[in-house]
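Data first, discussion second: the structure below is written as structure tokens.
The values are calculated or read from the model by the stated rules, or taken from the named source; none is laboratory data. Quick caveat: nothing in here was measured; it's all calculated off a predicted structure. Glycine also receives a Cβ, built like all others from the backbone with ideal geometry; neighbour counts cover every protein chain displayed. We work out accessible area using only protein heavy atoms, side chains counted, and drop any ligands, DNA or RNA first. Shrake-Rupley method; radii C 1.70, N 1.55, O 1.52, S 1.80 Å.
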Amino acid sequence: MNAPAAKPVEAASPHVMNTYGRVPIALSHGQGCRVWDINGKEYLDALAGIAVNTLGHNHPRLVPALQEQLTKLIHTSNYYHVTGQEQLAKKLVELSGMSNVFFCSTGLEANEAALKLARKFGHDKGIEKPEIVVYEKAFHGRSIATLSATGNEKVQKGFGPLVEGFIRVPLNDIEALQKATAGNPNVVAVFFETIQGEGGINAMRAEYLQQVRKLCDQQDWLLMIDEVQCGMGRTGKWFAHQWAGIQPDVMPLAKGLGSGVPIGAVVAGPKAANIFQPGNHGTTFGGNPLAMRAGIETIRIMEEDRLLENAARVGAHLKAALERELGQLPGVKDIRGQGLMIGVELAKPCGVLLTRAADAGLLISVTADSVIRLVPALIMTTAEADEVVGLLVPLVKSFLAEA
């Protein structure tokens, strides 16, 4: 006689503050681009912790390196030199062509530091009330300052008064930028994501990036590019702005830099490299030995396994397959993105697809209400990309067929 099936374990967090609209699953473990929940159900992970798990799960070279580091030092504080900071900073300077790095723990902190850099840059020039140009649909974080820079009234609601000193402009419109800043001596920086993530996978055009770089040079402004989500190889280059052949003055990073270990960084070019002096900025956890080892090993493995080329190749394959299956479908507005950062925009809000996809064994996200976001690990294969398409396409078709 067969034993009765075990009752599924409920995924619930009654003692955790209710800040997330969660899918009702709890994940237990993972391998590569697959994860399993506490009840043993398998999922293909096309979200990678929201563009964080660069090397997937349980990577055979990352995990032993982190285990070794745990036996040495996890945290020391920034009273002392951390050799891993210099090693990782040197590598990021080499990859970016910039000058130096400040380490923190999150993308929000990296963006907050960038905003402080811009204000200090202005004050050092004698500008009492520095102003920073930011963009519609942008998302830079949820602290009061980064929330103020963010272009989403829905996430700002209930947290006023917001921080002043921001000028908001539309994407890819150099005339609008020039008009919004004309005759204003207080402007100190232009701040944007090369490809907006939370805003719906909206890319800055290469020509526009070049125009903004030129304008910043003419006006002596800082060009600050948020590469928190679109950087670290996701588009097929180390940083998404490199497709336009430009270099920023300030570049916040996070997410994929540590393959899941919390890490943030602000990379500065010559114009911004010496703005901060001792006492101007700091962090407790930023740059600790464990996070630095995660960043060092992530980049090492990305180079050894040629993951930038993989992201470009598999991303192009995935996008082409989605265009083939969904591109002509009524209700599909656009399929866009670059490398393994892809958005499928539908003509109506599609938040329900988050749970439906999980039920079907696929992890995705929905952003800007109606954009399906795919940001899998950079180790994803073309076969796994085909699986994503095979799971997602029927869900989209049935969703669009509903009244």
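GLU297: in contact (Cβ under 8 Å) with a residue 40 or more places away in the chain, open to solvent by 30 Å² or more (accessible area, probe 1.4 Å) and out of contact with any strand residue (DSSP E or B) (no Cβ under 8 Å at 6 or more places or on another chain), yes or no? So GLU297 does not fit the description; no.
Looking at LEU400, LEU329, LEU391, just one residue is at pLDDT 95 or above, farther than 30 Å from VAL155 by Cα, touching a Gly at 6+ places or on another chain (Cβ under 8 Å) and surrounded by fewer than 20 Cβ atoms within 10 Å (Cβ to Cβ), and that residue is LEU391. Determine whether segment 182-196 contains at least one residue that is modelled with pLDDT of 95 or more and assigned to a helix (DSSP H, G or I). No, that holds for no residue.
Figure legend. Inter-residue proximity from segment 125-152: first residues open to solvent by 10 Å² or more (accessible area, probe 1.4 Å), second residues assigned to a strand (DSSP E or B) and among the basic types (Lys, Arg), beta-carbon distance below 9 Å, spacing 6+ or different chains. Indicated pairs: GLU136/ARG168; GLY151/ARG168.
Scan segment 100-124 residue by residue and report those that are more than 22 Å from the chain's Cα centre (by Cα) and open to solvent by less than 50 Å² (accessible area, probe 1.4 Å).
Answer for segment 100-124, where residues must be more than 22 Å from the chain's Cα centre (by Cα) and open to solvent by less than 50 Å² (accessible area, probe 1.4 Å): PHE121, GLY122.
If you go through segment 72-79 one residue at a time, do you hit one that is in a helix (DSSP H, G or I) and more than 23 Å from ARG234 (Cβ to Cβ)? No - not one qualifying residue is present in segment 72-79. The residue list ASN2, ASN18 contains one member that is of a type in the set (S, T, N, Q), modelled with pLDDT of 95 or more and either assigned to a loop (DSSP other than H, G, I, E, B) or open to solvent by 30 Å² or more (accessible area, probe 1.4 Å) (or both), which is ASN18. Residues in segment 233-266 that are over 17 Å from ALA294 (Cα atoms), in contact with a helix residue (DSSP H, G or I) (Cβ under 7 Å, 6 or more places away or on another chain) and aliphatic (A, V, I, L, M): ALA244, ILE246, VAL250, MET251.
Within segment 377-385, at least one residue is without any contact (Cβ under 8 Å) to a residue 24 or more places away in the chain, open to solvent by 10 Å² or more (accessible area, probe 1.4 Å) and over 29 Å from LYS154 (Cβ atoms).
Please specify each residue of segment 299-313 satisfying the condition of being under 16 Å from VAL388 (Cβ atoms) and over 19 Å from the mean Cα position of the chain (by Cα). Within segment 299-313, ARG313 is the sole residue that qualifies.
For segment 93-127, residues that are in contact with a helix residue (DSSP H, G or I) (Cβ under 8 Å, 6 or more places away or on another chain), assigned to a helix (DSSP H, G or I) and among the hydrophobic types (A, V, I, L, M, F, W, C) total 3. When segment 176-198 is filtered for residues that are among the polar types (S, T, N, Q), open to solvent by 20 Å² or more (accessible area, probe 1.4 Å) and within 24 Å of LYS116 (Cβ to Cβ), the ones remaining, listed by number, are ASN184, ASN186.
Looking only at residues in segment 199-226 that are among the acidic types (Asp, Glu) and surrounded by fewer than 22 Cβ atoms within 10 Å (Cβ to Cβ), which one is farthest from PRO270 (Cα to Cα)? Filtering first and then ranking leaves GLU207.
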